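The values are calculated or read from the model by the stated rules, or taken from the named source; none is laboratory data. All values derive from a computational prediction rather than experimental measurement. Glycine gets a Cβ as well: all are built from the backbone with ideal geometry, and neighbour counts include every protein chain shown.
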Amino acid sequence: MAKILIVDDDPEISSLVQYTLESAEHETKICENGRDVVDTLHEYKPDLLVLDVMLPGIDGFSLATEITEDAQLNDMPIIVLSALEPSRTMFQRFTQVSAFLSKPFNTDDLLEAVKTALSNPA
């Protein structure tokens with residue numbers, strides 16, 4: 001079982017991700033506001049981050065940049081969720097990003113991405 005932080009401002013997506021991960025015995029926490037993510041990461045200390053690209057306050061790319069520059073967070077794997085398929089290339093430079101799933105995504109693909117990310121830490 002892993003601790004996973006879900007960052008998405010869409011309650012339907014957050015709930016789906018949370019339900020999918022909790023049904024696979026993972027502990028989850030949801031963060032809806034991009035500005036709170038880094039503080040929440042330091043407090044919650046998750047094993048994995050599931051990150052949306054389009055967020056209020058700060059976008060997923062800026063967050064990924066901030067996380068990779070933070071010595072306490074830069075080895076945590078990240079799975080990116082986005083309705084914007086073209087943004088996939090922006091995240092290829094981050095070694096921490098272990099998967100990029102386009103919305104709408106298949107829950108089986110999400111679980112597989114989580115399994116892979118947790119077994120191959122950055």
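Consider the stretch 47-103 and keep the residues that are acidic (D, E) and touching a residue at least 40 places away in the same chain (Cβ under 8 Å). The one that is nearest to E32 (Cα to Cα) is D52. Among the candidates P56, P46, the residue that is farther than 18 Å from L101 by Cβ and not in a strand (DSSP E or B) is uniquely P56. T40 satisfies every condition listed in (1) in a helix (DSSP H, G or I); (2) surrounded by fewer than 16 Cβ atoms within 10 Å (Cβ to Cβ) except (2). Does D75 qualify as being farther than 20 Å from F105 by Cα, charged (D, E, K, R), touching a Pro at 6+ places or on another chain (Cβ under 7 Å) and modelled with pLDDT under 95? When the stated conditions are applied, D75 passes them. Every listed requirement among (1) in a strand (DSSP E or B); (2) among the aliphatic types (A, V, I, L, M); (3) surrounded by fewer than 17 Cβ atoms within 10 Å (Cβ to Cβ) is met by M1 save one, (1).
Looking at S98, S82, S119 in this structure, which one is buried (at least 20 other Cβ atoms within 10 Å of the Cβ) and under 14 Å from A2 (Cβ atoms)?
Details: S82 fails: under 14 Å from A2 (Cβ atoms); S119 fails: buried (at least 20 other Cβ atoms within 10 Å of the Cβ).
It is S98.
Working only within the stretch 81-106, note down all residues that are part of a helix (DSSP H, G or I) and either more than 16 Å from D52 (Cβ to Cβ) or within 13 Å of the chain's Cα centre (by Cα) (or both). Matches in the stretch 81-106: T89, F91, Q92, R93.
Only one of the listed residues (I13, I30, I6) is β-branched (V, I, T) and either buried (at least 20 other Cβ atoms within 10 Å of the Cβ) or assigned to a loop (DSSP other than H, G, I, E, B) (or both). That residue is I6. Looking across the stretch 59-80, the residues that are among the acidic types (D, E), within 14 Å of the chain's Cα centre (by Cα) and in a loop (DSSP other than H, G, I, E, B) come down to D59, D75.
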